[in-house]
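Here's the structure, in structure tokens; my notes come after.
The values are calculated or read from the model by the stated rules, or taken from the named source; none is laboratory data. Nothing here was measured: the structure is a model prediction, and the numbers come from that model. FYI the Cβ positions are ideal-geometry reconstructions off the backbone, even for glycines, and counts take in every protein chain you see. Each accessible area value is taken on the protein alone, full model and side chains, heavy atoms only, with ligands, DNA and RNA left out. Shrake-Rupley method; radii C 1.70, N 1.55, O 1.52, S 1.80 Å.
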There are 4 protein chains.
Amino acid sequence: MPARPPLRGHRGRAGAAGSAIVTQPIRLLVTGGTFDKEYDELTGRLFFKETHIHEMLRLARSRLPVAVETLMMIDSLDMTDADRARIVERVAGCGERRVVITHGTDTMAETARALLAARPDKTVVLTGAMVPYAFGSSDGLFNLGSALSFAQVLAPGVYVAMNGLSFAGDQVRKDRERGIFEPVP
Amino acid sequence: MPARPPLRGHRGRAGAAGSAIVTQPIRLLVTGGTFDKEYDELTGRLFFKETHIHEMLRLARSRLPVAVETLMMIDSLDMTDADRARIVERVAGCGERRVVITHGTDTMAETARALLAARPDKTVVLTGAMVPYAFGSSDGLFNLGSALSFAQVLAPGVYVAMNGLSFAGDQVRKDRERGIFEPVP
Amino acid sequence: MPARPPLRGHRGRAGAAGSAIVTQPIRLLVTGGTFDKEYDELTGRLFFKETHIHEMLRLARSRLPVAVETLMMIDSLDMTDADRARIVERVAGCGERRVVITHGTDTMAETARALLAARPDKTVVLTGAMVPYAFGSSDGLFNLGSALSFAQVLAPGVYVAMNGLSFAGDQVRKDRERGIFEPVP
Amino acid sequence: MPARPPLRGHRGRAGAAGSAIVTQPIRLLVTGGTFDKEYDELTGRLFFKETHIHEMLRLARSRLPVAVETLMMIDSLDMTDADRARIVERVAGCGERRVVITHGTDTMAETARALLAARPDKTVVLTGAMVPYAFGSSDGLFNLGSALSFAQVLAPGVYVAMNGLSFAGDQVRKDRERGIFEPVP
């Protein structure tokens, strides 16, 4: 990666005081996960219809240059190696240098590792939710704000943004007993 | 990647690539604003009671080391120079090097400039909401996630985190006609 | 009015056990009130735009034959004698024999008395909300369900449906200190 | 209790104008159903914890004399004959003459028939929801308001209150394709 700083004006005091901040375009890849689950009132089961990302960005009054693209709509427990390969490929292939991926929490760390193995020269941030947005998920909106912010300022690499934190993609796991993310010990 | 890391505090001792990310403690100063307005069902008017920040952090499943402190609970249109002096003083006086301030949107840029004038050697991020959290504000949760994330990774300086963006504190204004923040032309 | 049973259509051929229930058409007159107040994010004030009744009936999965008509969109503290005369006239003039009126709570009892003075040979039920529907009002939805149900089964007369109760229109007042409706002592 | 009309003051114009309305105590029996389902963020599945009825009544600002009693917390598809016998027994055994039962929608009509077979000399109203209250169910709150209102004024018998309507207990079925209740043809 060349010397170009990720965000003009984020370079420290002199920079922050001296210039407006230019935000680079962000690719937002949707893969499903709890984020986008809905309640099917005819069957009483949870299912996927369409992503809520557009609505979330609208309600958030987001002014970010975000291109949303739905890659798949699946529970991350059902994600195959082929699905992961497709995500890796799309991250490499898209034009943006900053990518956010919404993803089920259960195998988010696994996908982070698959992305890392491909050594993308981009800033890639995975995020998700513990509660579906359609059920009044507060963590979904919070995490989306968090992931989009980390994606703007973190150096190239793969990260997981959950619980307000950013984790290095090869140093994180989900504690399923407690429903939180934590550094690999 | 060159030597200068964009993320002070995210290197820990051996760099972002080599270790779990260490998050420094964050001071969260509450000043009121739309964020915390509630509906008084006896008078039909909006008013302030207590901050919703604790509930928001809980619902967000935040695991950040945040110390919340309510400085005042006012509409930012009512904020006086003395109020601003108190905010500046508290930012300088608190032990943390990373500070988030919840603030009414109308004079957020003015407080940012007051903070900049004091040249704090800290990362200070102001944020707020266009709709009260108590009225199902999606932008409040999104902005809180955004502000707490920027606060962890931006270099020392004063910033405004709104609409998914971070603005340098002396280069931002609110467009009241459109209800958005934008760089000073 | 004589011994006519309160629930026409609930007897069918052989009483409640013997037939399906036939619901008569209901006229729903919107006059504004807390029910329909919204938050203006540009001014930070509450205001009226359009009624939420259609959305509420849709979310309620209502299958009632309801004709919604917006008469005015005002705070009931601003309601004039002319406004009340218009409501009375519309109740008398509409084709339905069952009428629900959404109304601000502050002068709901006054409008009930104006309606009673006109001695309509119809079942008229006024209802409202303590919290705007747009702010996640639980009492608005509950009260709407309550008012529409009372309107189907109560004998001709004027009623106020609030707090789960139905009050005779000339025997009710709002206790503004406690924000509840109660019988006139 | 003999021929005393269900609600004083609901007997027609003379009555309505001449007396306050006295509401009899209501027994509210909780059996579970979609009404009370929650999202388990650790397993990603729906489950039952405790009833939301108390919270719903509080948010509804209900002033009704309601005694809430949880009989069971189950999906109505799992309801056995023994469960139904217990509901029938409890309806007969409780002191109140007006009973509301929250129930899963799938077998609500079946339980209504079991109740009818016992010929209770009480007004019994079953209700439920298509969407869990915890997921922002609008129909749950609407239906609760509706059921509690019908229960106050309908003559003794067994009813289903859904979609804003009241159905005679032996003349109703759920159309599972459309997710609505309708009279038996």
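Please return the longest range in chain D lying between exposed loop sites, taking GluC sites (Glu not before Pro), DSSP loop only, at most 13 other beta-carbon atoms within 10 Å, and leaving the sites out.
Between the exposed loop sites, the longest stretch runs D:51-176.
Provide an ascending nm list, one decimal, of label-point separations from C:Ala85 to the equivalent residue in each further copy; define each label point as 7 Å from Cα along Cα→Cβ.
Copy-to-copy label distances for C:Ala85: 6.0, 6.8, 8.0 nm.
Would you calculate, for chain A, the mean residue ellipticity at 222 nm contributed by helices, counting each DSSP H stretch of 4 or more residues as -39,500 (n - 2.57) and dividing by all residues, to the nearest 500?
Mean residue ellipticity at 222 nm (helix-derived): -8500 deg cm²/dmol.
Apply the Karplus curve 6.51 cos²θ - 1.76 cosθ + 1.60, θ = phi - 60°, to the phi angles in the stretch B:102-114 and return the couplings in whole Hz, x for Gly and Pro.
8, 7, x, 6, 5, 10, 4, 5, 5, 5, 4, 5, 4
In the structure displayed, which of A:Lys37/C:Lys174; C:Lys122/D:Lys37; C:Lys49/D:Lys37; B:Lys37/B:Lys122; A:Lys37/A:Lys122; C:Lys37/D:Lys49 lie more than 31 Å apart, Cα to Cα? The partial results should precede the final answer.
Working: A:Lys37/C:Lys174 43 Å; C:Lys122/D:Lys37 40 Å; C:Lys49/D:Lys37 34 Å; B:Lys37/B:Lys122 28 Å; A:Lys37/A:Lys122 28 Å; C:Lys37/D:Lys49 34 Å.
A:Lys37/C:Lys174; C:Lys122/D:Lys37; C:Lys49/D:Lys37; C:Lys37/D:Lys49, as the Cα separations exceed 31 Å there.
Using DSSP, restrict attention to beta bridges with both residues in chain B and report what percent are antiparallel, rounded to the nearest 5.
So the antiparallel bridges amount to about 40 percent of the total.
Under 5 Å between amide H atoms, partner at least 5 residues away or on a different chain: which partners does D:Gly157 have, H built in plane at 1.01 Å?
HN-HN under 5 Å from D:Gly157: D:Lys122, D:Thr123, D:Val124.
Could you derive backbone 3J(HN,Hα) for the stretch A:161-173 from the dihedral phi with the Karplus parameters 6.51, -1.76 and 1.60 (θ = phi - 60°), listing whole Hz in sequence and x where the residue is Gly or Pro?
These are the phi-based 3J(HN,Hα) values: 10, 9, 6, x, 9, 10, 10, 5, x, 9, 10, 9, 8 Hz.
Can you give me the C-alpha center-to-center distance between the stretch B:38-60 and the stretch D:137-166, rounded to a whole angstrom?
One Cα centre to the other: 32 Å.
Which of B:Leu28, B:Leu165, B:Leu59 moves most in a GNM of chain B, Cα contacts under 10 Å?
B:Leu59
Can you give the direction-averaged projected area of the convex hull of the alpha-carbon atoms in the protein assembly as shown, in nm²?
Working: hull surface 136.3 nm².
Computed as one quarter of the Cα hull surface, the answer is 34.1 nm².
Under a 5 Å amide H to amide H cut-off, with H placed in plane at 1.01 Å, what residues pair with D:Val172 once short-range neighbours are removed?
The list, which skips near neighbours in sequence, is D:Val184.
Of all the accessible heavy-atom surface of chain D, with the other protein chains kept in place and a 1.4 Å probe, what percent is carbon and sulfur?
Solvent-exposed carbon and sulfur of chain D make up 50 percent of the total.
I want the antiparallel fraction of DSSP beta bridges within the stretch B:24-106, as a percent rounded to 5.
Counting only bridges with both partners in the stretch B:24-106, antiparallel ones make up about 25 percent.
Counting other Cβ atoms within 10 Å of each Cβ, which trypsin sites (Lys or Arg not before Pro) in the stretch D:36-116 have at most 11 and sit in a DSSP loop?
D:Lys49
Place a +1 charge on the Cβ of each Lys and Arg in the stretch D:40-84 and a -1 charge on the Cβ of each Asp and Glu, then give the dipole magnitude about the Cα centre in debye, rounded to the nearest 20.
380
Could you compute Rg(Cα) / (2.2 N^0.38 Å) for chain D, with N its residue count?
In units of the globular-protein estimate, chain D measures up at 1.02.
Got a sec? Charge dipole of the stretch A:19-104, +1 on Cβ for Lys and Arg, -1 for Asp and Glu; which of A:Leu71, A:His54, A:Val99 is way out at the positive end?
Positive-end residue among those listed: A:Val99.
Let me have the relative contact order for the stretch C:146-185, percent, based on Cα pairs under 8 Å that are six or more residues apart.
With pairs under 8 Å counted, the relative contact order is 28 percent.
Count, for each residue of C:34-43, the Cβ atoms from other chains sitting within 10 Å of its Cβ, then give me the mean as a whole number.
Counting Cβ atoms of other protein chains within 10 Å of each residue's Cβ and averaging gives 4.
How would the stretch D:67-144 be classified by its alpha-carbon gyration tensor: rounded, prolate or oblate, with rounded meaning a/c under 1.5 and the a/b versus b/c comparison settling the rest?
Taking the square roots of the gyration eigenvalues as a ≥ b ≥ c, the stretch D:67-144 is prolate.
Need one number: buried accessible surface between chains C and D, 1.4 Å probe, both sides summed, DNA, RNA and ligands left out, in Å² to 100.
What C and D bury together is about 4100 Å².
Give a residue-ordered list of calculated ³J(HN,Hα) values for the stretch C:52-63 (Karplus: 6.51 cos²θ - 1.76 cosθ + 1.60, θ = phi - 60°; whole Hz; x for Gly, Pro).
For the stretch C:52-63, the Karplus-derived couplings read 8, 4, 4, 5, 5, 5, 5, 5, 6, 6, 5, 10 Hz, x marking Gly and Pro.
Between 0 and 90 degrees, rounded to the nearest ten: what's the tilt of helix D:81-93 against the longest Cα principal axis of chain D?
Here the helix axis deviates by roughly 30 degrees.
Would you work out if the stretch C:111-161 is rounded, prolate or oblate? Take a ≥ b ≥ c from the square roots of the eigenvalues of the alpha-carbon gyration tensor; rounded if a/c is under 1.5, else prolate when a/b is larger than b/c, oblate otherwise. The partial results should precede the final answer.
On the way: a/c = 4.52, a/b = 1.90, b/c = 2.38.
Because a/c hits 1.5 or more and a/b fails to exceed b/c, the stretch C:111-161 counts as oblate.
In terms of the Cα gyration tensor, with a ≥ b ≥ c the square roots of its eigenvalues, is the stretch C:97-185 rounded because a/c is under 1.5, prolate because a/b exceeds b/c, or oblate?
Verdict is oblate for the stretch C:97-185.
With +1 on each Lys and Arg Cβ and -1 on each Asp and Glu Cβ, how big is the dipole of chain C about its Cα centre, in debye rounded to the nearest 20?
1060
Enumerate the amide H contacts of B:Met162 below 5 Å, restricted to partners 5 or more residues apart or on another chain; note that Pro and chain-start residues carry no placed amide H.
When sequence neighbours closer than 5 places are left aside, the close amide H contacts are B:Phe167.
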